[in-house]
Amino acid sequence: MSDRVPATPEGPAFQPSTLVIHSNRVYESQSNSILFPVHQTATYIHESVGVTKGYGYSRGANPTVNALEQSIAAIEGSAQALCFRSGMAAISTLCFGLLKAGDHVILSEVIYGGTTRLFEQVLTHFDVEYDFIDTADLEAVERGIKPNTRLIFAETPANPTLRLSDVKALAEIAHRHENVLLGVDNTFLTPLLQNCLNLGADISMLSTTKYIDGHNATIGGSLASHDVEMMERLRFVRKIIGTIQAPQDAWLTIQGIKTLPARLAMHCSHAGQIAEWLEKHPRVAKVYYPGLQSFPQRPLAVKQQKAFGGMLSFELDATTEQSLRFMKALKLCTCAESLGSVETLITNPATASHCDLTVELRERLGISDRLIRLSVGLESPIDLIADFEQAFEVIFGGAK
Amino acid sequence: MKFATKLVHYDVSPKDPYSPMSTPIYQTATFEQEHADSFGEYDYTRSGNPTRRVLEDQIAALEGGCRAFCFTSGMAAISNVTHLLQAGDEILADWDLYGGATRLFGEVMPRAGVTVRYVDASDPERVAEAISAATKMVYLESPTNPLLRILDLEAIAKAAKARGVLVCVDSSTMSPYLQNPLALGADIVMHSATKFLSGHSDVMGGALVVKDEELARRIYFLQNAEGNALSPFDCYLVLRGMKTLKLRMDAQQANAVRIAAYLAGHAKVSAVHYPGLATHPGYGVQMRQARGGGSVLSFSVGSPEAAKTIAEKTALFKIAVSFGSVNSTISVPVKMSHASTPLALKEARGIPAELIRLSVGIEDGDELIADLAAALELI
């Protein structure tokens, strides 16, 4: 399958690594500035009443945000993409745009805690129904579809256990039913490593805060789809509820996305090395990483992903208290929320991203109190492994 | 402290080791945790950011609230307010609203099971009579946009409070300098920070201010859950803009008073809507509940064609949506800011097609009047 996508409908086709740098050059003709300007403006002067040059008010559209949208569309392989103030603003706009009171949604049972919170504590007030289902279990998904099901929203690899769902198979199930759409939160891999739209999903969602920006500089989200009518509806709702990305953050994200292919290659390489090293360590009880031979769903990863990604999680052969002290003993791995940045970040999902889940549910999903999630950064893996060794030494005084 | 002093004397950089005079821009997504299983004051910028907190605290202080929240647009702020309600609830709104609010109430909220009913709130008793068992919020602007009607906020708030109904006031045309709805009894004040707060047409932003901790907790929850908080850089720009809020608005209002008087005396102008004119029906209420008429006004010139000519032939008044900037702008609401209001509603609401809205800037007042005079010559 070719990845070559035209930068513009008329333009020549390019590889993704070229597109992320050149997808919006068409706009850079006015001053020959090598970088696209930040249009830090709220409003635009009309040529005459009701006649603009395509931009009337930045809540509806902004040239800098549009330049980022072209970059995202380029890697999604879609005609258009929409950028939002945050990943949650993207999901929230998707839901308020497409759902109405009485509709039903199927959510992956292992999913980002913020998505759970939106459904359980906001959308439920507007009579949106939902069920958490193991979307890796296709029969369970099929059984879970109700007459009022409008959306399957899956996350794969899922946060934080890296559980995989078969996007192509989910799309087939969704499309066998009338009016059921498949949306995929593709934040962990980005379209460069897993193209959900090509696999049949109707909507690809990204938290651009993560790998797309890649530098922990911004908060942002995006939605892409081949369905032009749906994109127009979402653009309209975004304008109404005012959730568009800010120009400065869009500009920073445009800078970030240019190194996305290079960064992803390094993230994946480093994560693979660290996953293998951790798996062999006597103080490590379990490592979740789709690239490991021991990962039960590895064949699915090989089938639908182009690489195994930069995220992994693991459990130490130790108590929760020791695990938490181990995290803090690390010097290069910073304890902080978020992922996908050049810095290696480490979190304890039970007290961070998934703190809203009950203990019983977390245990069933494999999100134990001692589970550690690692977003592997671009530091040298030699230094990262040395950092783990010194932390093991501090907590356990060397190997068991 | 007087308002002018408050605008520049506050803690612009809490806990910053270098004591900068200007608030640092925390352009970061995340913050290092103090412990592996617990968080410090800030953990993730969607949930909280030091630059944003300085802005929110300053807006709360200026409005006399206990807490303020900043959003990525004024509409994101209004959208957040509506999510305090749930399916089956009703919003009672004055009929003269910003087109974007009307569109939210008409296109998005009904799908979520929330209904909106419109009332003429210029008579507070009508509001009291219209409140039903399902009414959970009264939503108002004063002065209204674009007709500059004046609503008696204190009387309406009193009526709503007697029925346990929240009152939210969009005070964007006044800013905290000219009007403080919380002191008049409102529960929530909304500002489009795009307007006077930033004042330079360089930021999209919104703010909500409350005086009740429980309401603050609920709004914060939604701000974080829906992820629509204002970005750090845009917070910085609003902070920078707000330091000159009084200077700008004094200059803009002085120009607006002169322009309103000039237009009112012009033979080709059939109506002028400006609450700073003593002839305005809401003048008395406005002078009681606000500190002036502001710098937004609208007027009629007889025909839609004449309105188009004036908008296009003025040189200093640029045709643009939005208001409250240092630049003067001119718009034909029916075709621009209120283009999204359904035609039937526009007609029922009596927003004439020939209505022209001015947002008066800080340019020289004589030049602004000469610019309007020259355009009026052409019709």
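Read-outs throughout are calculated quantities, based only on the coordinates presented, and are distinct from any laboratory measurement. This structure is a prediction, so every number in the text was calculated from the model and none was measured. Every residue, glycine as well, gets a Cβ built from its backbone with ideal geometry; the counts of neighbours run over all protein chains shown.
General remarks:
- Cross-link pairs A:Lys210/B:Lys211; B:Lys6/B:Lys195; A:Lys53/B:Lys318; B:Lys211/B:Lys246; B:Lys2/B:Lys243; A:Lys258/B:Lys15 - those with Cα-Cα distance over 25 Å: A:Lys210/B:Lys211; A:Lys258/B:Lys15
- Efficiency of FRET between A:Ala285 and B:Glu34 - r from beta-carbon atoms, R0 25 angstrom, step 0.05: 0.40
- Among beta bridges identified by DSSP and lying wholly in the stretch B:3-242, the antiparallel ones come to about 45 percent.
- Order of B:Asp120, A:Asp213 - criterion: other Cβ atoms within 10 Å of each residue's Cβ, fewest first: B:Asp120, A:Asp213
- Taking 0.36 nm per residue of separation and subtracting the Cα-Cα distance, full extension of the segment from B:Arg291 to B:Leu378 would add 27.8 nm.
- A protection proxy built from the mean count of other Cβ atoms within 10 Å ranks the segments A:70-78, A:273-281, most packed first, as A:70-78, A:273-281.
- Other-chain or far-sequence residues with amide H under 5 Å of A:Ile152's (modelled H): A:Ile106, A:Leu181, A:Leu182, A:Gly183
- Cβ crowding within 10 Å averaged over residues, with A:373-379, B:255-261 ranked highest first: A:373-379, B:255-261
- Per residue, chain B reaches -10000 deg cm²/dmol at 222 nm when only DSSP H runs of four or more residues are counted, each adding -39500 (n - 2.57).
- Among beta bridges that DSSP assigns inside the protein assembly as shown, antiparallel share in %, nearest 5: 55
- Remark: mean inter-chain Cβ contacts per residue of B:103-114 equal 5, using a 10 Å Cβ-Cβ cutoff to other protein chain atoms.
- Nearest-0.05 FRET efficiency for A:Ala386 and A:Lys146, computed from C-beta distance (R0 60 Å): 0.70
- Taking other Cβ atoms within 10 Å as a rough exposure proxy, B:Glu154, A:Glu229 sort from fewest to most as A:Glu229, B:Glu154.
- If you look at the Cα atoms of the stretch B:245-377, you get an Rg and a Dmax of 14.2, 41 Å.
- Acute angle (nearest 10 degrees) that the helix B:365-377 long axis makes with the longest principal axis of chain B, alpha-carbon atoms: 50
- Spacing of the two label points (7 Å from each Cα toward its C-beta) at B:Ala133 and A:Asp127, in nm: 1.7
- In chain A, helices alone account for a calculated mean residue ellipticity at 222 nm of -11000 deg cm²/dmol, with every DSSP H run of four or more residues adding -39,500 (n - 2.57).
- Residue list for the stretch A:285-322, given a label point 7 angstrom along the Cα-to-Cβ vector of A:Ser269 and an amide N cut-off under 19 Å: A:291-292, A:306-312
- For the protein assembly as shown, the Kirkwood hydrodynamic radius comes to 27.4 Å, computed from all pairs of different C-alpha atoms.
- Between A:Leu361 and A:His175, residue separation times 0.36 nm minus the direct Cα-Cα distance comes to 64.0 nm.
- B:Asp123 paired with A:Thr319, simple spin-label distance in nm, labels 7 Å along Cα-to-beta-carbon: 7.4
- Peptide B:217-226 has a mean shielding of 4, counted as Cβ atoms of other protein chains within 10 Å of each residue's Cβ.
- Per-pair calculated FRET efficiency, R0 = 51 Å: A:Val302 and B:Ala183 via Cβ, rounded to 0.05: 0.20
- Antiparallel beta bridges, as assigned by DSSP with both residues in the stretch A:11-257, represent about 40 percent of the total such bridges.
- Compared with the dominant principal axis of the Cα atoms in chain B, helix B:232-242 is inclined by about 50°.
- By other beta-carbon atoms within 10 Å, ranking B:Leu263, A:Leu98 with the fewest at the front produces A:Leu98, B:Leu263.
- Mean per-residue shielding of peptide A:85-93 is 6, counting Cβ atoms of other chains within 10 Å of each Cβ.
- Counted over the stretch B:232-287 with a bin width of 5 Å, the fraction of Cα pairs per bin, in whole percents, is 4, 17, 17, 16, 14, 11, 9, 7, 3, 1.
- Mean-position separation - Cα centroids, the stretch A:230-275 and the stretch A:353-400, in angstrom: 26
- Spacing of the modelled spin labels on B:Ala278 and B:Ile369, each 7 Å from Cα toward Cβ, amounts to 1.8 nm.
- Taking packing as the residue-averaged number of other Cβ atoms within 10 angstrom, the listed peptides B:25-31, A:293-299 run from highest to lowest as B:25-31, A:293-299.
- For a label point 7 Å along the Cα-to-beta-carbon line of A:Glu232, residues of the stretch A:47-63 with backbone N under 20 Å: A:51-57, A:60-62
- Cα centroid separation, the stretch A:118-174 to the stretch B:185-262: 39 Å.
- Set of aspartates and glutamates with alpha-carbon distance to A:Lys280 below 14 Å, sequence-local pairs under 8 removed: A:Glu315, A:Asp317, A:Glu389
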